[in-house]
Amino acid sequence: MKYKLETIPVWDAFDAEGECPFCLLEQKAEEGYVKFFMGNSVMVPEMRVEVNKTGFCRTHYPMLFNTRANRHALGLMTHTHFSTAFMECGKGLKKLAGGTKRDLKRGLAQLAEKFRRDTDECMICSRIEETLKRYLFTALYLWKKDEEGFRGRYASSKGFCRHHLSPLLEMAGEVLPGKLQGEWIVATAELMEANTERLDGELFWYTQKFDFQNDDKPWGTAKDALERGIQKLEGTILKDP
(Lines give C-alpha, C1' and ligand atoms only; values in the text may rest on other atoms or scores of the structure.)
Protein backbone atom coordinates (compact mmCIF):
# COMPACT_ATOMS: atom_id res chain seq x y z
CA MET A 1 0.00 0.00 0.00
CA LYS A 2 1.28 3.48 -0.86
CA TYR A 3 1.27 6.22 1.77
CA LYS A 4 1.81 9.94 1.42
CA LEU A 5 4.93 11.26 3.16
CA GLU A 6 4.38 13.71 6.05
CA THR A 7 7.97 14.64 6.86
CA ILE A 8 7.54 18.06 8.53
CA PRO A 9 5.02 16.98 11.21
CA VAL A 10 7.02 13.84 11.96
CA TRP A 11 10.27 15.79 12.40
CA ASP A 12 8.44 18.32 14.61
CA ALA A 13 7.02 15.53 16.78
CA PHE A 14 10.41 13.88 17.27
CA ASP A 15 11.98 17.26 18.01
CA ALA A 16 9.38 17.85 20.75
CA GLU A 17 11.17 15.16 22.82
CA GLY A 18 8.03 13.75 24.43
CA GLU A 19 7.49 10.19 25.63
CA CYS A 20 6.00 9.22 22.27
CA PRO A 21 6.03 11.36 19.11
CA PHE A 22 3.02 9.52 17.72
CA CYS A 23 0.93 10.49 20.76
CA LEU A 24 1.57 14.12 19.90
CA LEU A 25 0.83 13.57 16.22
CA GLU A 26 -2.41 11.77 17.03
CA GLN A 27 -3.49 14.50 19.45
CA LYS A 28 -2.91 17.23 16.85
CA ALA A 29 -4.73 15.22 14.18
CA GLU A 30 -7.67 14.72 16.52
CA GLU A 31 -7.87 18.43 17.33
CA GLY A 32 -7.77 19.23 13.61
CA TYR A 33 -10.59 16.82 12.75
CA VAL A 34 -12.79 18.04 15.60
CA LYS A 35 -12.34 21.59 14.30
CA PHE A 36 -13.06 20.43 10.75
CA PHE A 37 -16.35 18.74 11.61
CA MET A 38 -17.48 21.72 13.67
CA GLY A 39 -16.87 24.02 10.72
CA ASN A 40 -18.61 24.49 7.39
CA SER A 41 -17.99 20.91 6.28
CA VAL A 42 -21.37 19.89 7.63
CA MET A 43 -23.07 21.91 4.89
CA VAL A 44 -21.39 19.90 2.11
CA PRO A 45 -23.97 17.31 0.91
CA GLU A 46 -21.41 14.52 0.46
CA MET A 47 -20.15 15.04 4.01
CA ARG A 48 -23.67 15.03 5.43
CA VAL A 49 -24.33 11.67 3.75
CA GLU A 50 -21.13 10.23 5.24
CA VAL A 51 -21.88 11.57 8.73
CA ASN A 52 -25.44 10.31 8.45
CA LYS A 53 -24.13 6.80 7.81
CA THR A 54 -21.30 6.64 10.36
CA GLY A 55 -21.60 9.31 13.04
CA PHE A 56 -19.10 9.62 15.90
CA CYS A 57 -18.04 7.53 18.89
CA ARG A 58 -18.56 8.05 22.62
CA THR A 59 -15.14 9.73 22.85
CA HIS A 60 -15.58 12.23 20.05
CA TYR A 61 -19.21 13.27 20.52
CA PRO A 62 -18.32 14.89 23.88
CA MET A 63 -15.29 16.57 22.29
CA LEU A 64 -17.46 18.00 19.52
CA PHE A 65 -20.07 19.12 22.04
CA ASN A 66 -17.56 20.72 24.40
CA THR A 67 -15.97 22.88 21.71
CA ARG A 68 -19.14 25.07 21.84
CA ALA A 69 -18.01 26.33 18.43
CA ASN A 70 -20.98 25.44 16.26
CA ARG A 71 -23.86 23.76 18.06
CA HIS A 72 -26.05 24.28 14.99
CA ALA A 73 -23.70 22.15 12.87
CA LEU A 74 -23.54 19.45 15.55
CA GLY A 75 -27.33 19.52 15.85
CA LEU A 76 -27.76 19.00 12.12
CA MET A 77 -25.31 16.09 12.04
CA THR A 78 -26.83 14.49 15.13
CA HIS A 79 -30.39 14.80 13.88
CA THR A 80 -29.82 13.06 10.55
CA HIS A 81 -27.63 10.34 12.06
CA PHE A 82 -30.08 9.77 14.93
CA SER A 83 -33.02 9.22 12.59
CA THR A 84 -31.16 6.68 10.48
CA ALA A 85 -29.60 4.81 13.40
CA PHE A 86 -32.79 4.25 15.36
CA MET A 87 -35.00 3.47 12.39
CA GLU A 88 -32.58 0.63 11.58
CA CYS A 89 -32.74 -0.47 15.20
CA GLY A 90 -36.52 -0.76 15.12
CA LYS A 91 -36.57 -2.55 11.79
CA GLY A 92 -33.96 -5.04 12.95
CA LEU A 93 -35.92 -5.92 16.09
CA LYS A 94 -39.20 -6.34 14.22
CA LYS A 95 -37.60 -8.80 11.81
CA LEU A 96 -36.81 -11.09 14.73
CA ALA A 97 -40.37 -11.30 16.01
CA GLY A 98 -42.16 -14.59 15.39
CA GLY A 99 -39.04 -16.67 14.87
CA THR A 100 -38.19 -19.94 16.61
CA LYS A 101 -36.27 -19.97 19.88
CA ARG A 102 -33.10 -20.99 18.04
CA ASP A 103 -33.57 -18.31 15.39
CA LEU A 104 -34.26 -15.68 18.04
CA LYS A 105 -31.10 -16.51 19.98
CA ARG A 106 -28.94 -16.36 16.86
CA GLY A 107 -30.74 -13.29 15.55
CA LEU A 108 -30.40 -11.38 18.82
CA ALA A 109 -26.66 -12.14 18.95
CA GLN A 110 -26.18 -10.99 15.35
CA LEU A 111 -28.21 -7.84 15.90
CA ALA A 112 -26.32 -7.04 19.11
CA GLU A 113 -23.02 -7.39 17.25
CA LYS A 114 -24.26 -5.12 14.45
CA PHE A 115 -25.32 -2.43 16.92
CA ARG A 116 -21.96 -2.75 18.70
CA ARG A 117 -20.09 -2.23 15.43
CA ASP A 118 -22.31 0.69 14.49
CA THR A 119 -21.73 2.31 17.88
CA ASP A 120 -17.96 1.90 17.58
CA GLU A 121 -17.83 3.47 14.11
CA CYS A 122 -16.59 7.04 14.08
CA MET A 123 -15.60 9.39 11.28
CA ILE A 124 -12.95 11.06 13.41
CA CYS A 125 -11.45 7.76 14.59
CA SER A 126 -11.22 6.43 11.03
CA ARG A 127 -9.53 9.61 9.80
CA ILE A 128 -7.07 9.60 12.69
CA GLU A 129 -6.20 5.98 11.92
CA GLU A 130 -5.43 6.78 8.28
CA THR A 131 -3.42 9.87 9.23
CA LEU A 132 -1.43 7.90 11.80
CA LYS A 133 -0.53 5.30 9.17
CA ARG A 134 1.02 8.05 7.05
CA TYR A 135 3.03 9.29 10.04
CA LEU A 136 4.24 5.79 10.88
CA PHE A 137 5.20 5.19 7.27
CA THR A 138 7.03 8.53 7.11
CA ALA A 139 9.04 7.83 10.28
CA LEU A 140 10.16 4.46 8.93
CA TYR A 141 10.91 5.93 5.51
CA LEU A 142 13.09 8.63 7.10
CA TRP A 143 14.86 5.99 9.20
CA LYS A 144 15.40 3.76 6.16
CA LYS A 145 16.84 6.60 4.03
CA ASP A 146 18.42 8.35 7.04
CA GLU A 147 17.37 11.66 5.52
CA GLU A 148 19.01 14.60 7.31
CA GLY A 149 20.36 12.24 9.97
CA PHE A 150 16.98 10.98 11.12
CA ARG A 151 18.46 7.78 12.57
CA GLY A 152 20.36 9.84 15.12
CA ARG A 153 17.21 11.73 16.07
CA TYR A 154 15.32 8.45 16.33
CA ALA A 155 17.98 6.95 18.60
CA SER A 156 17.99 10.01 20.89
CA SER A 157 14.19 10.05 21.28
CA LYS A 158 12.34 8.70 24.31
CA GLY A 159 10.81 5.79 22.45
CA PHE A 160 7.12 5.04 22.06
CA CYS A 161 4.03 4.17 24.05
CA ARG A 162 2.53 0.68 23.90
CA HIS A 163 -0.49 1.97 22.00
CA HIS A 164 1.59 3.24 19.09
CA LEU A 165 4.40 0.68 19.25
CA SER A 166 1.99 -2.00 18.00
CA PRO A 167 1.08 -0.31 14.66
CA LEU A 168 4.71 0.84 14.28
CA LEU A 169 5.86 -2.79 14.41
CA GLU A 170 3.21 -3.78 11.87
CA MET A 171 4.23 -0.95 9.54
CA ALA A 172 7.90 -1.89 9.86
CA GLY A 173 7.05 -5.42 8.74
CA GLU A 174 5.23 -3.96 5.75
CA VAL A 175 7.65 -1.31 4.47
CA LEU A 176 11.19 -2.20 5.59
CA PRO A 177 13.21 -4.70 3.54
CA GLY A 178 14.47 -7.82 5.34
CA LYS A 179 18.03 -6.68 6.11
CA LEU A 180 16.91 -3.28 7.39
CA GLN A 181 14.17 -4.88 9.47
CA GLY A 182 16.83 -6.56 11.59
CA GLU A 183 18.78 -3.31 12.03
CA TRP A 184 15.63 -1.39 12.91
CA ILE A 185 14.54 -4.03 15.45
CA VAL A 186 17.92 -3.81 17.22
CA ALA A 187 17.83 0.01 17.22
CA THR A 188 14.24 0.06 18.52
CA ALA A 189 14.93 -2.57 21.18
CA GLU A 190 17.86 -0.54 22.51
CA LEU A 191 15.77 2.63 22.42
CA MET A 192 12.87 1.06 24.33
CA GLU A 193 15.13 -0.63 26.89
CA ALA A 194 17.01 2.59 27.70
CA ASN A 195 13.83 4.61 28.09
CA THR A 196 12.06 1.91 30.08
CA GLU A 197 14.91 2.02 32.58
CA ARG A 198 14.85 5.84 32.64
CA LEU A 199 11.11 6.14 33.24
CA ASP A 200 11.08 3.25 35.70
CA GLY A 201 13.56 5.17 37.83
CA GLU A 202 11.53 8.37 37.58
CA LEU A 203 8.33 6.58 38.57
CA PHE A 204 10.10 4.98 41.53
CA TRP A 205 11.35 8.34 42.78
CA TYR A 206 7.86 9.81 42.24
CA THR A 207 6.46 7.24 44.68
CA GLN A 208 9.29 7.84 47.17
CA LYS A 209 8.58 11.56 47.29
CA PHE A 210 5.38 10.79 49.21
CA ASP A 211 7.52 9.60 52.12
CA PHE A 212 7.92 12.53 54.56
CA GLN A 213 11.61 11.68 54.89
CA ASN A 214 12.06 12.77 51.27
CA ASP A 215 10.15 16.06 51.54
CA ASP A 216 13.27 18.19 51.27
CA LYS A 217 14.88 16.16 48.52
CA PRO A 218 14.58 17.45 44.93
CA TRP A 219 12.07 15.98 42.52
CA GLY A 220 14.57 15.94 39.71
CA THR A 221 12.82 14.80 36.54
CA ALA A 222 10.18 12.79 38.41
CA LYS A 223 7.58 15.46 39.15
CA ASP A 224 5.43 14.58 36.11
CA ALA A 225 6.51 10.93 35.96
CA LEU A 226 2.99 9.69 36.72
CA GLU A 227 1.49 11.44 33.69
CA ARG A 228 4.32 10.25 31.48
CA GLY A 229 4.14 6.71 32.82
CA ILE A 230 0.41 6.52 32.05
CA GLN A 231 1.09 7.92 28.58
CA LYS A 232 3.75 5.27 27.99
CA LEU A 233 1.30 2.55 28.99
CA GLU A 234 -1.87 3.75 27.25
CA GLY A 235 -0.91 6.41 24.68
CA THR A 236 -2.81 9.24 26.36
CA ILE A 237 -1.22 12.64 26.94
CA LEU A 238 -2.26 13.83 30.42
CA LYS A 239 -1.83 17.22 32.05
CA ASP A 240 -2.07 17.69 35.81
CA PRO A 241 -4.70 20.40 36.40
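The values are calculated or read from the model by the stated rules, or taken from the named source; none is laboratory data. Not measured: the values here are computed from a predicted model. Here the Cβ positions follow ideal geometry from the backbone for every residue, glycine too, while neighbour counts run over all protein chains shown. For accessibility, only protein heavy atoms count, side chains too; no ligands or nucleic acids. Shrake-Rupley method; radii C 1.70, N 1.55, O 1.52, S 1.80 Å.
The table below gives the values:
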read-out	value
Heavy-atom surface of the chain, accessible at 1.4 Å and reported per residue (Å²)	63
Simple label model, 7 Å out from Cα along Cβ direction - Phe115 to Val49, nm	2.9
For the chain, size of Cβ-based charge dipole, Lys and Arg +1, Asp and Glu -1, in debye	1600
Rounded tilt (10° steps) of 101-120 against the dominant C-alpha axis of the chain	50
Cβ charges +1 (Lys, Arg) and -1 (Asp, Glu), total dipole of region 1-125, debye	1180
Heavy-atom SASA rank of Lys35, Lys133, Lys217, Lys4 (probe 1.4 Å, accessible area, largest first)	Lys35, Lys4, Lys217, Lys133
Anchor Lys4: lysines whose Cα lies under 28 Å away (excluding residues fewer than 8 positions away in-chain)	Lys28, Lys35, Lys53, Lys133, Lys144, Lys145, Lys158, Lys179, Lys232
Taking only Cα atoms of region 71-133, radius of gyration then Dmax in Å	15.9, 47
Taking all pairs of distinct alpha-carbon atoms in region 18-108, Kirkwood radius in angstrom	15.7
The chain, relative contact order [Cα under 8 Å, separation at least 6], %	27
Sequence of His60, His79, His163 from largest to smallest accessible area, 1.4 Å probe	His79, His163, His60
Candidate residues Phe137, Phe14: accessible-area rank, largest first, probe 1.4 Å	Phe137, Phe14
Between 0 and 90°, nearest 10: helix 45-54 axis offset from the chain longest Cα axis	90
Mean ellipticity per residue at 222 nm, deg cm²/dmol - from DSSP H runs of n ≥ 4 across the chain, formula -39500 (n - 2.57)	-23500 deg cm²/dmol
Signed unit charges on C-beta, dipole axis of the chain, positive-most listed residue Leu136, Phe210, Asn70	Asn70
Pairwise centroid distance, computed over Cα atoms, of region 21-74 with region 78-130, Å	22
Angle between the chain longest axis and helix 71-96 axis [Cα atoms, degrees, rounded to 10]	60
Per the chain, cysteines lacking a partner by the 4.7 Å Cβ criterion	Cys89
Reduced Cα scattering model of the chain, Debye log10 I(q)/I(0), q = 0.13 Å⁻¹	-0.95
